[in-house]
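K.L.:
To start, I am sharing the structure in question, which I have written as structure tokens.
Each reported figure results from applying straightforward, stated rules to the coordinates on display, with no laboratory input. Just so you know, these numbers come straight off a predicted model, no measurement behind them. Here the Cβ is made from the backbone with ideal geometry for all residues, glycine too, and neighbour counts use every protein chain on show.
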């Protein structure tokens, strides 16, 4: 008989995983606003928004270390500890990628994106917001599953994972389309390189969200 997950701990690791996922979700608004600020070159708050993401990333790192530190060696888990840590690493990598996007933007003194590409960059960023927000929902529902081991609840989690995969696929299509546009525009090589790399890092946000979903799928597998 499988023991209820929470009965094994005074504090479940999923408490920390959910707290961490909320930090990742919290960064979505600042991330979206910061990129729009850069693309449109109409606001003065890009650096403030970047610092907000840096603050959230540091707070998330503290939660990550706490989760890892509160799993003593030999502790019995209904999931593989390696899978749990891999999930946490991929979820944390979402926030790292968001920070990398804003760091990369900050390296160029001249802000802004060519007007003909602005809508495409907005579309790409928007395509990564849903996966970010879906992570916290997935962790909350997985937590319920590990309390009950209900087949019905397991299907709820699996449906969220399927949504994550679909969202990542859509983000990939936008990323490829945007790269093609950039390479076929007449711009100086430095600008082309900067925008191609920016496109790739933004796309990696959705990649890591999907990877986290894959690790969760492994954890709930029977």
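K.L.:
Provide 113, 132, 196 in ascending order of the number of other Cβ atoms located within 10 Å of each residue's Cβ, fewest first.
P.N.:
So the ranking, lowest neighbour count to highest, is 196, 113, 132.
K.L.:
Another question, then. Please give the length that would be gained between residue 22 and residue 140 if that part of the chain were fully extended, namely 0.36 nm times their separation in residues minus their C-alpha to C-alpha distance (nm, one decimal).
P.N.:
41.5 nm
K.L.:
Would you mind checking region 82-100 for residues with the amide N under 16 Å from a putative spin-label position 7 Å along Cα→C-beta of residue 214?
P.N.:
83-94
K.L.:
What is the angle, in °, between the Cα long axis of helix 81-106 and the longest principal axis of the Cα atoms in the chain? Nearest 10 is fine, range 0 to 90.
P.N.:
20 degrees
K.L.:
Obtain the nm distance between the two label points defined at residue 149 and residue 181 by a simple spin-label model: each point lies 7 Å from its Cα along the Cα-to-C-beta direction.
P.N.:
Going by the 7 Å Cα→Cβ label model, 5.1 nm.
K.L.:
Under the rule of -39500 (n - 2.57) per DSSP H run of 4 or more residues, summed and divided by the residues of the chain, what mean residue ellipticity at 222 nm is obtained, to the nearest 500 deg cm²/dmol?
P.N.:
Calculated from helices alone, the mean residue ellipticity at 222 nm is -28500 deg cm²/dmol.
K.L.:
Just to be sure I understand the model, the point goes 7 Å from the Cα along the line to the Cβ. What's the resulting residue 193 to residue 163 distance in nm?
P.N.:
Computed distance between label sites residue 193 and residue 163 equals 4.1 nm.
K.L.:
On to the next question. Semi-axes of the equivalent ellipsoid of region 13-56: what are they in whole Å, largest first, if each equals the square root of 5 times a C-alpha gyration tensor eigenvalue? Display every interim value, and only then the final one.
P.N.:
Values: eigenvalues 143, 16, 4 Å².
Here the semi-axes work out to 27, 9, 5 Å.
K.L.:
Now for a separate question. Identify which of 203, 16, 112 has the largest mean-square fluctuation in a Gaussian network model of the chain, with springs joining Cα atoms closer than 10 Å.
P.N.:
In this elastic network of the chain, the residue with the biggest mean-square fluctuation among 203, 16, 112 is 112.
K.L.:
Can I ask one more? If we count other beta carbons within 10 Å of each Cβ, what is the order of 176, 70, fewest first?
P.N.:
176, 70
K.L.:
Which angle from 0 to 90°, rounded to the nearest 10, does the C-alpha axis of helix 13-40 make with the longest principal axis of the chain?
P.N.:
10 degrees
K.L.:
If we restrict to alpha carbons, what Rg and Dmax does the chain come to, in Å?
P.N.:
In Å, with Rg to one decimal and Dmax whole: 19.0, 65.
K.L.:
Which order do the peptides 35-43, 207-215, 85-93, 187-195 come out in when sorted by mean C-beta neighbours inside 10 angstrom, highest first?
P.N.:
Top of the packing list down: 207-215, 85-93, 35-43, 187-195.
K.L.:
Per residue and in Å³, how big is the convex hull formed by the alpha-carbon atoms of region 91-222?
P.N.:
Values: hull volume 12.1 nm³, N = 132.
That works out to 92 Å³ per residue.
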